[in-house]
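**Q** This is the structure I have questions about; it appears just below.
The values are calculated or read from the model by the stated rules, or taken from the named source; none is laboratory data. These numbers were taken from a predicted model, which means no experiment stands behind them. Cβ coordinates were reconstructed from backbone atoms using ideal geometry, including for glycine residues, and neighbour counts include every protein chain displayed.
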Amino acid sequence: MLVNGEKAPLTKLIGLKIGMPEQNAYIVLNVRKGSSEQEIKGAYIEMVKRFDPEIHTERFMSIQSAYEKLRDPKKRAREDVFTFNPPQGDFIFTAEEEDEETQDAISARLHQTRESLERDPSDAAGKSALITLHMKDSFLQTRKRMWSEAAKDWEEILKLDATNQRAKSNLIYSYDYLGYYYALHDLTDEAIELWEKSLQMMPEKVDIIHNLALAADKTGNREKSQRYWTETVKRWKARLDKTPDDEYIRQCIIEVHKHHGGRALESLPTPETKQEAIAQYREILKFNPDDFEARYNIAAALMEEKHYDEAIRELRHLQEKHIRNLDIVNLLGWAYLNSGKFDVAFSTWRRGMSVDPKNHVIKDSIMRARLAVGKKLKEQGLCTQALVHFKELQKMMPNEWELHLQIAETLLKKGDRRNALIEFQRVLELDPKNKDAKRAISEIKLRSA
């Protein structure tokens, strides 16, 4: 049963003045994580009655958003994965243990019974009496919110009888209860210490393992965080194996992999972090082969690792499902270009421009690619091919002196002095102080003299 029939207020529970935690959907609707659909709907209706949308517009929109998150299994999974699990259970006492006996009387009897048992450790009745007295004492301590003192009683009982389930249950609940409120108010190290004690006593508590993963994330302990997240997902996958149609738990698993994949991509870029990101996103595809974000991020990471052919396969798979998505088209163009398939790259971008002729991102990609390819071909002595790209680029930016300089230098390298001279003169028209063009014109005229 609950002490006094209700939960202890936090300020009384731990004796601290604490600010409000960051709001999530549960806090907005004033319900606990794990509440039923009926409880959430009831809380939403009460909130809507209290806040007029015209007077409290921002608050009303926040309430609507919170309700939308919690009524949909997939959206609720996203919320739940990064929300601490509240403690499950209550303190359990018998009617005898709740008997109104004074603290002094119980303390005196505890002392006498303990001394008697020390003289005769085989006294079974004395041991049973001592356990009852510790439970009576713990009941009084919980009423006064003296949780650490109550925990000492339960610990003493478990020394006397390791199989005492009520003492074990009460002790675990106290750890979970305190840990939860510590964590909500950023006392994360203290929460981890309590939850790890709880987990030692009940290793299969997935809610506590999940809480420890979240808490370790907050402290920045990557090794501990990874260990607890791995254990959490392992247990969720086991649950999904038993109930394959559970979309909520499926989405929870996906959200964890997205979390780790994104964190790997945001960290210092190394081959290891990129491979970690790819591995996490590939796990998502096992549960949802059509997950756009996962496949797109895999392709982007493969591009950074210069695995262009693999990136092309991922992007083409995405394109089959999202024909008009120009972000895919743009990245696919770069994948083709970097793999040496120049013609395919530019035809891919042209198809994108036909869908949206004003798309500045693809237009910019085409221009940058034409310039880069032209320069590379020029350096390799493939001047005719380089000029093809420069001339195509000239259609898009006819008055750019840097481009005309590239064309002039390429023509000169090819041996076409007459047309090179025309281009260098065009550079000077656009940039009258250009020293490279002036020098080149002087050299051409000198050789022609």
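**Q** With Arg324, Arg350 as the choices, which residue is in a helix (DSSP H, G or I), over 25 Å from Gln251 (Cβ atoms) and charged (D, E, K, R)? Reasoning before the result, please.
**A** Values: Arg324 fails: in a helix (DSSP H, G or I).
Only one candidate passes the filter, namely Arg350.
**Q** Here are the criteria: (1) free of Cβ contacts under 8 Å to residues at least 24 places away in the same chain; (2) loosely packed, with under 14 Cβ neighbours inside 10 Å. Tell me which single one Met202 does not satisfy.
**A** Exception for Met202: condition (1).
**Q** Please name all residue pairs, on different chains or six or more residues apart, with Cβ atoms under 6 Å, provided the first residue is in region 314-325 and is modelled with pLDDT of 90 or more and the second residue is among the basic types (Lys, Arg).
**A** Close Cβ pairs satisfying both conditions: Glu314/Arg295; Leu318/Arg295.
**Q** For Leu371, are the conditions met, namely being part of a helix (DSSP H, G or I), within 23 Å of Ile444 (Cβ to Cβ) and in contact (Cβ under 8 Å) with a residue 12 or more places away in the chain?
**A** The answer is no for Leu371.
**Q** Now for a separate question. For region 152-199, give me each residue that is among the acidic types (Asp, Glu), surrounded by fewer than 17 Cβ atoms within 10 Å (Cβ to Cβ) and more than 26 Å from Thr230 (Cβ to Cβ).
**A** Glu155, Asp161
**Q** Where the second residue is at pLDDT 95 or above and not in a helix (DSSP H, G or I) and the first is within 15 Å of Lys391 (Cα to Cα) and lies in region 416-434, which pairs have Cβ atoms under 6 Å and are six or more apart or on separate chains?
**A** Nothing qualifies.
**Q** Moving on to the next point. Those residues that are aromatic (Phe, Trp, Tyr) and more than 13 Å from the chain's Cα centre (by Cα), I need them from region 197-233; list them, please.
**A** Passing the criteria: only Tyr228.
**Q** Looking at Ile366 and the list (1) over 36 Å from the mean Cα position of the chain (by Cα); (2) surrounded by 18 or more Cβ atoms within 10 Å (Cβ to Cβ); (3) aliphatic (A, V, I, L, M), which single condition is not satisfied?
**A** Status for Ile366: all satisfied but (1).
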